1. In debye to the nearest 20, how big a dipole does the range 98-148 give about its Cα centre with +1 on each Lys and Arg Cβ and -1 on each Asp and Glu Cβ?
2. What percent do you get for the relative contact order of the chain when only Cα pairs under 8 Å and 6+ apart count?
3. Could you tell me which trypsin sites (Lys or Arg not before Pro) in the range 23-55 are loop residues by DSSP with no more than 16 other beta carbons within 10 angstrom of their beta carbon?
4. Pull up all non-local amide H partners of Leu95: gap of 5 or more, or a different chain, and H-to-H distance under 5 Å with H placed in the peptide plane.
5. How much net charge surrounds Ala110 when only the other residues with a Cβ under 12 Å from the Cβ of Ala110 are counted, with Lys and Arg +1 and Asp and Glu -1?
6. Grab the other residues whose beta carbon is less than 13 angstrom from that of Arg131, score K and R as +1, D and E as -1, and report the net.
7. For a footprinting-style exposure proxy, rank Met41, Met109, Met116 by other Cβ within 10 Å, fewest first.
8. Treat every Asp and Glu Cβ in the chain as -1 and every Lys and Arg Cβ as +1, leave all other atoms uncharged, and give the resulting dipole magnitude about the Cα centre to the nearest 20 debye.
Amino acid sequence: MKSSTSGANRQPPAPIRVLIADDHVTVREGLAAIIGRQADMVVIAEAADGRACVERWRECRPDVVLLDLRMPDLDGVGAIEAIRREDASARLIVLTTFDNDHDISRAIMAGAKGYMLKDAQREELLDCIRRVHAGETHIPPLLVAKLATGVSDEALTSRELEVLALLAQGYGNKDIGTRLAIGETTVKSHLRSIFCKLKVLSRTEAVSVAGRKGLIRF
């Protein structure tokens, strides 16, 4: 009687090849340990900054890139943009501590296929890697809600962002005008527009809301 050997000869699928980019060595080591214990995943490279992330990607062409937003030399969004300029189908997942709508929006617009917080459960992170590798986009529901809120708000112009940044540094209207080479009346006009778009009533509240949205850095 002829026995079937097709099942025995079937090869298991190749593991998902992952590149990890984070400027904290303990984070990289922890992620590598978690991923390394999975039968269907393998870490093939690591990077400590955004520019090195792009270089490792070029060298290794991983299946999935797991990267932080805030890295030296080139930030996560810059790395995503650089990689996707060379391969629009690249699968990239942001893993960060930042959950404001501005950061989420920037990452997604740059081409990230997943966005996870570093305090996410291990299985949730692994599921995200598998989903993104399979061609899906994965963003937790709570972050989707934040993203929707940010997208629905009217965007500030580049000039308004400049005024807001100086406002956050404590400059008055006259000094803001001097630094930006615009009149004090124009500064006041920009402030009225900022207050309206951020739905606030005061300078202090504008700075507070802008900080939460990630529009300014302290």
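1. Numbers: 7 positive and 8 negative charges, 32 e Å.
The calculated dipole for the range 98-148 is roughly 160 debye.
2. Details: 303 pairs, mean separation 30.2, N = 218.
With pairs under 8 Å counted, the relative contact order is 14 percent.
3. Details: sites: Arg28, Arg37, Arg51; in loops: Arg37.
For trypsin sites (Lys or Arg not before Pro) across the range 23-55 that sit outside H, G, I, E and B with at most 16 neighbouring Cβ atoms in 10 Å, the list reads Arg37.
4. Distant-sequence amide H within range of Leu95: Leu67, Asp68, Leu69, Met116.
5. Net local charge, Ala110 excluded: +1.
6. Working: positive: Arg91, Lys113, Arg130; negative: Asp40, Asp63, Glu123, Glu124, Asp127, Glu136.
So the environment of Arg131 carries a net charge of -3.
7. On the way: Met41 19, Met109 12, Met116 24.
The order, fewest Cβ neighbours first, is Met109, Met41, Met116.
8. Details: 31 positive and 30 negative charges, 73 e Å.
Charge dipole of the chain: 340 debye, to the nearest 20.
Read-outs: derived from the displayed coordinates by stated rules, not from any lab. Note that this is a predicted model, so its numbers are computed, not measured. A quick note on method: Cβ atoms are made from the backbone with ideal geometry, for glycine too, and the neighbour counts reach across all protein chains shown.
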